[in-house]
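In what follows, a single structure is set out as structure tokens and then discussed.
The values are calculated or read from the model by the stated rules, or taken from the named source; none is laboratory data. For clarity, every value in this text was computed on a predicted model and none was experimentally measured. Cβ coordinates were reconstructed from backbone atoms using ideal geometry, including for glycine residues, and neighbour counts include every protein chain displayed.
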Amino acid sequence: MEKVKNFLPSPDDTLLLKAILLPQKEAIEAWETWLRIVNVDTLEAGTQRLFPLLYVKLKEYNIDHPLMNKFKGIYRQTWYKNQMIFHNATPILKQFHEAEIDCLLLKGVALTILYYKDMGIRHMSDLDILVSPNNVRRAIQILQDLGYQPKEEFIFPFKESYLYLQHSIDFVHKDNKQEVDLHWHIFFKNCGLHDDDSLWQNKQPVQLNGFPLYTLDATDHLMHVCIHGLRFNELSPIRWIVDAKIIIDQNEIAWERLIEEIKKRKVVLLFSYAMQYLSSEFNVNIPKNVLERISTIHIEKIEYDEENIDNQKANKGIPSTKEVFRWYKTNFIRYSQARATSPYFYLRPSSYFDYLMYCWKLSSVTELPILFLKKGWRSTHRHFKYKK
């Protein structure tokens, strides 16, 4: 487990999670130990996102402590913010429905409705919606008509290649600042047009503000929260552990289908870390034969390369030339896999231009020669400066 220490909780955060997830006796012991070794006021935001869950659990155990007022305040604040997200979702869902754009609710909104069933428990910062790739342009237009603006302007005009190069666009409303994450794939690693077909085939119904919608089934939700949670993030995403345990505890997981899905998507390494951690630290009910099966799956080199890239980001070091090249190479491999149905993809110069334009946030191919000259000059300047 040492290899992913940057993406799993610290010992302090593990104690906090145990105070939330373990049975009462062990939970109270973890809570008391955690209190002795942390300064609550200096904890990072990712950790503080768990305070509403902690508040509900401690209240259930009749714990009386001065911090309970602080936790109660954060719970109420979370409840209010989540109510606003649900409220602001209504116009979007109405417009999507009228335009006959099917969508799947993802992440916090869906998890709150299905599993938490309390608007104050799970922190969320945006509304996550998945649409099919062929509906992306229409969905973007609807969001813009409703006053939502993309956070990254370079993405427009939206090109076909973007369907394979990234999985979502972040929008923010110009007035109320509501954020919406429009997905056409659930993972950055899997951007083929049909990579998410199984998600739509296994979807389950859900309602939000009276609108009949769909979301992922429990098996796909588990895969999503684990892989998304173990990606590098400046803000510690440790809430995935609570999400995963609740999903497993409340549902029958189709483990065979899940194993085939992580193999197909080449995310075996991350998912294996997640299952090992949940099983060893929180005794989550994961069948022993499932853990054994996952441990025997061949892991491809690209998964180790992606892990090394994320570890480098987490350590905040200056990447070497080799590490930069690895980043470009692994992302281009994923892009190539997404375009695998396109004949002679590797022989098309436009495929490399599209990829570089995306990486360097350029809006036109004519900008590439200028950028190459700038990068060449900087490299030459650094070389001679070093020799002197």
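Some notes on this structure:
- In segment 88-142, the residues that are charged (D, E, K, R), more than 17 Å from LEU193 (Cβ to Cβ) and free of Cβ contacts under 8 Å to residues at least 40 places away in the same chain: GLU98, GLU100, LYS117
- Residue within segment 18-34 that is outside any loop (DSSP other than H, G, I, E, B), farther than 26 Å from ASN285 by Cβ and modelled with pLDDT of 95 or more present: yes
- ARG257 meets the conditions (1) more than 17 Å from ASN285 (Cβ to Cβ); (2) touching a residue at least 60 places away in the same chain (Cβ under 8 Å) in every case but one. The failed one is (2).
- Residue that is farthest from LEU222 (Cα to Cα), among those in segment 112-134 that are in a helix (DSSP H, G or I) and in contact with a helix residue (DSSP H, G or I) (Cβ under 6 Å, 6 or more places away or on another chain): PRO133
- Condition check for LEU270: in a helix (DSSP H, G or I) and in contact (Cβ under 8 Å) with a residue 40 or more places away in the chain: yes
- The single condition from (1) surrounded by fewer than 21 Cβ atoms within 10 Å (Cβ to Cβ); (2) assigned to a helix (DSSP H, G or I) that THR78 fails is (1).
- For segment 145-155, a tally of residues being in contact (Cβ under 8 Å) with a residue 24 or more places away in the chain and over 20 Å from ASP102 (Cβ atoms) returns 4.
- Leading residue by the ranking (nearest to TYR304 (Cα to Cα)) among those in segment 225-277 that are over 18 Å from the mean Cα position of the chain (by Cα) and charged (D, E, K, R): LYS263
- Just one of the numbered conditions (1) polar (S, T, N, Q); (2) touching a Leu at 6+ places or on another chain (Cβ under 8 Å); (3) exposed (fewer than 15 other Cβ atoms within 10 Å of the Cβ) is not true of SER168: (3).
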